[in-house]
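Heads up: the structure comes next, in C-alpha cells.
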Amino acid sequence: MQPGLIVFILSLLLGLQPLTTDLYLPALPALTEGFAAPMVQAQLTLTALLLAFGSSQLIWGPLSDRFGRRPVLLVGLAAYVLASVGCVLSPSMQLLIVWRALQGAAMGAAVVCARAIVRDLYPPAQGARVMSKGLSGLAVVACLSAPLGGLLSDLYNWRVALAVLAVFGAGCLAVIVLRYEETAPQKNLQALRPTVLLATWWTILRNPTFAAFSALSVSSYGGLFTFLASSSFVFIKVHGFSKTHYGLLMLCTSVVYLSGTFLCRSLLTRFGVRRTVAIAGAITLTAGTTMGVLALLGVHSSLAIMLPMFGFMLGHGIHQPCGQSGAVGPFPQAAGAASALNGFLMMLAAFFMGSWLGTHLDNTVYPLVYGIWFWSVLITLSAWTLVQKHGQTRGD
C-alpha cells in the first residue's frame, strides 16, 4: 500500500470514534426530552458506548495478533453498521443504550487495528509522525461531525443524524474490502491462549514506557471526554445556543485540534518526542488553569470557556499522537494487545468521568470547567515527569 493510502485508511478507522461520539452531541438534550428520560440515562448513551468500546479492545487486540488485522476489521465494521441501524430504529432510551453499547464494542475493532497498523509498519519515532497524520484525518472528520449533527437535528431529528453513522461505517467497510492489505508481520498463534495472554498483558502493564505514555494519552482523553459529555448541556441549556450554533462551536474546537496535529509533526522534527510533549504540557496547564481561575472569579461566559479550551485542544493534538504511538512502541510483536490496553485505559477514564458528570451536571459551568482543570494538571504531570524519565530515546 502507498503511504497516502495508509494515512487515508488510518483517518477513516480513527475517525469512526469522533463521528460516533460527536455527531449526536447537539441532539443529546432534545433526545433526552423526547424520551422523557433522566440525565443519567442520557449520559449512559455515551458512557455505555465508551465502556463497551474500551472493554472490547481487550478482545479485538489479541484477535488481531492471532488472525491478522484484516479479518478483525471486516467483522468489526460489519457489526458496527448493524448496530448503527439498530440505533436509528430504537423505540426507547433503554434500547438505544443497548445498541450504542454494541456500536461501541464494534468500533473497538477499527481503532485498535488502526493503532496496531502504525506499529506494524513504522518504528516508534516515525510512528508518532504517521499517527499524527492519521489523527489529522480524524480531526477533519471531527470538524464535520458536530456541525452536521446539529444541522440534521435542527432540520430533521436525531434519528437522521445517527443514520449517517451507518453510511460512514459501510463506506469504511468497502475501503477495507477493496484496498486494505494485511500489515501484521506474522500471526501470533499463541496470542489467544489464556496463560500467554495474561503474561503478555502483565508484561505490557509493567513496562515503564507503556505506563508513561498511557498516563499521557489517558489524561488527555479524559479532558476531551469531559468537554464532549458536558458541553452540549452547558452551551445549549445554560448559554442558550441553538443546536446548529453549538455544532459550529464544536467545529472550531476540531479545527484547533487539527492545527495541534500539524504543530505536533513540526515540533517532533525539531525537538523529538520528550521535549515536544513537555512544550505541549505547558500549553495545556496554562489553558486549564486559565479556565478554572476565570470560573472562580465569576466569569462564566462562553468565551471564558472556549478560549482556554482552544489551548487545551491544541495540546491534545500533540499529546494523543505521541501518547498512543509511544505506548505501543515497545511491543512490535504484540502491537494489538498493547494498543488494546492503552485504549481500554482511556475509555475506563472516560466511563468514570461520564458517570460523575451524570450526577453533577447542575445547569452551571462548574462541572465542565473543574473537570478540564483537573485533567490539565494530570496531563502536565505525566508530560513533565513520567514521559521525561521513561520516554523512548530513539529518534528524539
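All of the numbers you see were taken from the coordinates with simple rules; none came from a lab. Just so we're clear, the structure is a prediction, and the values are computed from it rather than from any experiment. Every residue, glycine among them, receives a Cβ derived from its backbone with ideal geometry; neighbour counts consider all protein chains shown.
Can you tell me the relative contact order of segment 46-120? Whole percent, Cα pairs under 8 Å, sequence separation 6 or more.
Numbers: 88 pairs, mean separation 37.6, N = 75.
Dividing the mean separation by the residue count of segment 46-120 yields 50 percent.
Across Val98, Val273, Val299, mean-square fluctuation computed from a Gaussian network of the chain (C-alpha pairs under 10 Å connected) peaks at Val299. Put a plus charge on the Cβ of each Lys and Arg, a minus charge on the Cβ of each Asp and Glu, and nothing anywhere else: the dipole of the chain about its Cα centre is then about 880 debye.
Bridging of Lys389 to lysines at a Cα separation below 16 Å is possible for none of them, once same-chain residues fewer than 8 apart are set aside. Which shape class, rounded, prolate or oblate, goes with segment 167-218 when its Cα gyration tensor gives a ≥ b ≥ c as root eigenvalues, a/c under 1.5 marks rounded, and past that a/b bigger than b/c marks prolate? Because a/c hits 1.5 or more and a/b fails to exceed b/c, segment 167-218 counts as oblate.
Placing R0 at 51 angstrom, the Cβ-Cβ distance between His239 and Gln2 gives a FRET efficiency of 0.65 after rounding to 0.05. Simple point charges give the picture: +1 on the Cβ of Lys and Arg, -1 on the Cβ of Asp and Glu, and for segment 142-228 a dipole about the Cα centre of about 280 debye. Under a 5 Å amide H cut-off, with hydrogens placed 1.01 Å from N, Thr183 pairs with Arg69, Arg70 among residues at least 5 apart or on other chains.
If the chain between Tyr366 and Arg206 were fully stretched, how many nm would it gain, using 0.36 nm times the residue separation less the Cα-Cα distance? Can you show the working numbers first?
Numbers: separation 160, 0.36 × 160 = 57.60 nm, distance 3.62 nm.
Length difference between fully extended and current span is 54.0 nm.
What FRET efficiency comes out for Val177 versus Leu198 if R0 is 30 angstrom and r is the Cβ-Cβ distance? Round to the nearest 0.05. In this case the efficiency is close to 0.30. Measuring nothing but how far apart in sequence close Cα pairs (under 8 Å, 6+ apart) lie, relative to its length, the chain scores a relative contact order of 29 percent. At a Förster distance of 41 Å, what's the computed FRET efficiency of Val293 paired with Ala36, Cβ-Cβ distance as r, to 0.05? The calculated FRET efficiency here is 0.60.
Based on DSSP H runs of at least 4 residues, each adding -39500 (n - 2.57), what is the mean residue ellipticity at 222 nm of the chain after dividing by all its residues, to the nearest 500 deg cm²/dmol?
Details: 14 runs with 323 residues, N = 396.
That calculation yields -28500 deg cm²/dmol at 222 nm.
Figure the gain on full extension for Arg270 and His300 (residue separation times 0.36 nm, minus the Cα-Cα span) and round it to one decimal in nm.
On the way: separation 30, 0.36 × 30 = 10.80 nm, distance 3.82 nm.
Computed gain between Arg270 and His300 is 7.0 nm.
For segment 386-391, the Karplus equation 6.51 cos²θ - 1.76 cosθ + 1.60, evaluated at θ = phi - 60°, returns couplings of 4, 5, 5, 7, 10, x Hz by residue, with Gly and Pro reported as x. Over 20 Å, how big is the tail of the calculated P(r) for segment 1-135, in percent of all Cα pairs? I get 48 percent for the Cα pairs in segment 1-135 exceeding 20 Å.
How large is Rg/Rh for segment 274-377, to two decimals, with Cα atoms and a Kirkwood Rh? Intermediate values should be presented prior to the final figure.
On the way: Rg = 16.0 Å, Rh = 15.2 Å.
Reported Rg/Rh, Kirkwood definition of Rh: 1.05.
Segment 218-237 and segment 161-190 have Cα centres lying 28 Å from one another.
Checking understanding here: applying a Kyte-Doolittle mean of at least 1.0 and a length along the axis of at least 24 Å (C-alpha), which whole DSSP H helices in the chain pass? Don't skip to the answer; put the middle values down first.
Details: long enough: 3-22 (28 Å, 1.47); 39-67 (41 Å, 0.78); 69-88 (28 Å, 1.53); 93-121 (42 Å, 1.18); 124-155 (45 Å, 0.90); 158-179 (32 Å, 2.01); 208-232 (37 Å, 0.93); 243-296 (40 Å, 0.97); 302-328 (38 Å, 0.81); 335-360 (38 Å, 1.10).
Helices meeting the span and hydropathy rule in the chain are 3-22, 69-88, 93-121, 158-179, 335-360.
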